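Here, each number is a calculation from the coordinates, and none is a lab measurement. All figures in this text were calculated on a predicted structure; none of them were measured in a lab. Cβ: placed from backbone, ideal geometry, glycine included. Neighbour counts: every protein chain shown.
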Amino acid sequence: MKIGIIGAGVTGLAAAWDLVRAGHEVHIYEAEGQVGGLASGFRDDGWDWTLEKFYHHWFESDSHILSLTEELGVRDKVLFPRPKTSYWVDGKILRSEISPSAIFLPLPPIAKLRFAFAGALMKFFPTWKPLERVTAHDWLMTFMGETAYGKFFRPLLIGKFGDEYQKVNMAWMWARVKTRTLRLGIFEGGFQAFLDTFARALTERGVSIHLKTRVDQIALEQMQPTLTIAGAQYGFNRVLSTTSPSLMHKLTPTLRETNYGDTLTRLRSIGAICVVVATKQQLLTDGTYWLNLPAASANKRENRFPFLALVEHTNWMDRAHYNGDHLLYLGDYVSPSHEYFRLSDDELTARFLDALPTVNPAFSRDWVRKSWVFRAPYAQPIPYVNHSEDIPSLQTPMPGVFFASMSQVYPWDRGTNFSVEMGRRVARMMMG
Ligand SMILES: Cc1cc2nc3c(=O)[nH]c(=O)nc-3n(C[C@H](O)[C@H](O)[C@H](O)COP(=O)(O)OP(=O)(O)OC[C@H]3O[C@@H](n4cnc5c(N)ncnc54)[C@H](O)[C@@H]3O)c2cc1C
């Protein structure tokens, strides 16, 4: 078969891997100038490694991506150091992972016990299905209690989902806790090095990857899936789209009249922002890699910190790979209509940098060597109660046209591991 794939993110690449090895002719069309999509990276002058535009790591439980690295013969290039992750609570940095310091969490004894009990219940509860019927907010209020929930989990939910935080279902929270491991993985050279290795393996087997090539429409011509690219039409036996659901809806006029099209428009998601800063000095001097910052309100201006996560990448990876730079991510999740998507890079960076002296009073602007801003309007699907009923299938009602996006890896939270699983699953369906 001749197969067209829209998007050279992890889902598209994973589908292509099985399709080409089964003997099919595969063409991938990617709008950007590099492969990797949301997991892609960039390299500044003098850096040996690339840096992910948005913080990325793998968990030791990410079996699908780890098997793939084995198939590609590069499993030995995956490193799993154990970084320190922490919460900012009442002006202090407290370790968030299980460690003896948990005994000293600033909670009354009963709240501490309930915190531990609810945490264990989430980790060991065997299945997600009954949990999707309740919201994370209600479940955590009941099992963890207002005190511990209010201090640790509610601020994270508000930070991630803003006004929608009370509507997110408990299966989402369960899936996050379930897959988490203390060691976090990266590919030697950065995620982009892995993605380029993967793309090379595909092209060596005959896949054509067309970069800087945007697909403008998906249609059926005499029952054959057809892609419109720069005004020309190309026919295929099968087409896979890995775009966001809203873009899929726009690209495919035929679907708009169907229930499938309605399902695409009902899916909700939130965008992500990362300001990446290269500094001359270490900011989190206690060695924390990931610092969760509290959000009391969906209105960023009412919070002590204007963003959700402060990630010091070089407290996890050796800064020698980045020519000695200390690297920080200042990250947040907001709707694409939020002002963070409209502010200039300089305005947004200035606003975020203003918060850094709170965590390290010695910080000053002259520590900053360079900064970059990355924005992704489709970054995190929002799963409401009974969300499984709203997930569009990978096979659309248009014969030969398939759709696979982050919104369909549910109950798992979006992640490259689940993109690999879904990419390979949709490839099997396309060949079926
Ligand atoms: C802030 C953030 C943090 C994350 N952290 C992690 C993490 O720690 N670990 C982890 O494993 N995952 C993480 N993820 C999730 C991970 O990045 C995604 O799950 C994964 O990359 C999704 O891959 P995809 O191929 O489905 O989609 P995408 O990566 O979005 O790929 C889709 C591709 O399609 C292309 N495209 C779109 N429209 C067109 C068109 N019309 N024509 C041609 N091409 C088009 C896009 O340019 C893009 O390259 C994170 C994501 C974000 C946003």
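Between the DSSP loop rule and a limit of at most 15 other Cβ atoms within 10 Å, which trypsin sites (Lys or Arg not before Pro) in the stretch 342-395 are left?
The qualifying sites are Arg342.
Expressed as a whole percent, how much of the Cα-Cα distance distribution for the chain exceeds 32 Å?
Counting pairs separated by more than 32 Å, the tail of P(r) holds 39 percent.
Which residue, Ile391, Gly190, Ala278, has the largest displacement toward the positive end of the dipole of the chain when charges sit on each Cβ (Lys, Arg +1; Asp, Glu -1)?
About the Cα centre, the residue reaching furthest to the positive side is Ile391.
Taking the stretch 95-179, how much of its Cα-Cα pair set, in percent, is spaced more than 14 angstrom apart?
63
Principal axis lengths of the stretch 289-421 from Cα atoms, whole Å, largest first?
Per principal axis, max minus min of the Cα coordinates gives 59, 37, 25 Å.
Just need the relative contact order of the stretch 254-328 here, percent rounded to a whole number, with Cα pairs under 8 Å and 6+ apart.
So the answer I get is 31 percent.
For Asp286, what charge total do you get from the other residues with a beta carbon under 13 Å from its beta carbon, if Lys and Arg give +1 and Asp and Glu give -1?
Overall, the nearby charge balance is +2.
Taking Lys160 as the anchor, which aspartates and glutamates have their alpha carbon closer than 13 Å to its alpha carbon, excluding any fewer than eight residues away along the same chain?
Straight-distance partners of Lys160: Asp332, Asp413.
Taking the convex hull of the alpha carbon atoms in the stretch 136-230, what volume per residue do you get, in Å³?
235
Taking DSSP loops as anything outside H, G, I, E and B, show the longest stretch in the chain free of GluC sites (Glu not before Pro) there with at most 16 other beta carbons within 10 Å.
In short, 189-432.
Please list, by residue number, every one of the trypsin sites (Lys or Arg not before Pro) in the stretch 257-332 that is coil in DSSP and has at most 16 other beta-carbon atoms within 10 Å.
Those that pass, being in a loop and sparsely packed, are Lys280, Arg304.
Check the straight Cα-Cα distances from Lys250 and name the lysines below 22 Å, setting aside those fewer than 8 residues away within the same chain.
Lys212
Using the Karplus equation 6.51 cos²θ - 1.76 cosθ + 1.60 (θ = phi - 60°), what ³J(HN,Hα) coupling, rounded to whole Hz, does each residue of the stretch 110-125 give in order, writing x for Gly and Pro?
5, 5, 5, 5, 5, 4, 5, 5, 5, x, 5, 4, 5, 5, 9, 4
What's the FRET efficiency of Arg21 with His210 using the Cβ-Cβ distance as r and R₀ = 25 Å, to the nearest 0.05?
Once the sixth-power term is evaluated, E becomes 0.80.
Viscosity 1.567 mPa s, temperature 4 °C: Stokes-Einstein D of the stretch 378-432 from its Kirkwood Cα radius, in µm² per second?
Here the translational diffusion coefficient equals 108 µm²/s.
HN-Hα J couplings of the stretch 84-90 from phi, Karplus 6.51/-1.76/1.60, θ = phi - 60°, integer Hz, Gly and Pro as x?
9, 10, 9, 10, 9, 10, 6
Per DSSP helix of 4 or more residues, -39500 (n - 2.57); summed, then divided by the residues of the chain. What does that give at 222 nm, rounded to the nearest 500?
Mean residue ellipticity, 222 nm, calculated: -8000 deg cm²/dmol.
Label 7 Å along Cα→Cβ of Phe341; the stretch 247-285 residues with amide nitrogen under 14 Å?
Counting only backbone N, you get 247, 268-274.
Rounded to the nearest 20 Debye, what is the dipole magnitude of the chain about its Cα centre when Lys and Arg each give +1 and Asp and Glu each give -1 at the C-beta?
So the dipole magnitude of the chain works out to roughly 740 debye.
Starting from the Cα of Lys167, draw a straight line to each of the lysines and keep only those under 20 Å, dropping any in the same chain fewer than 8 residues away.
In chain and number order, the partners are Lys129, Lys151, Lys300.
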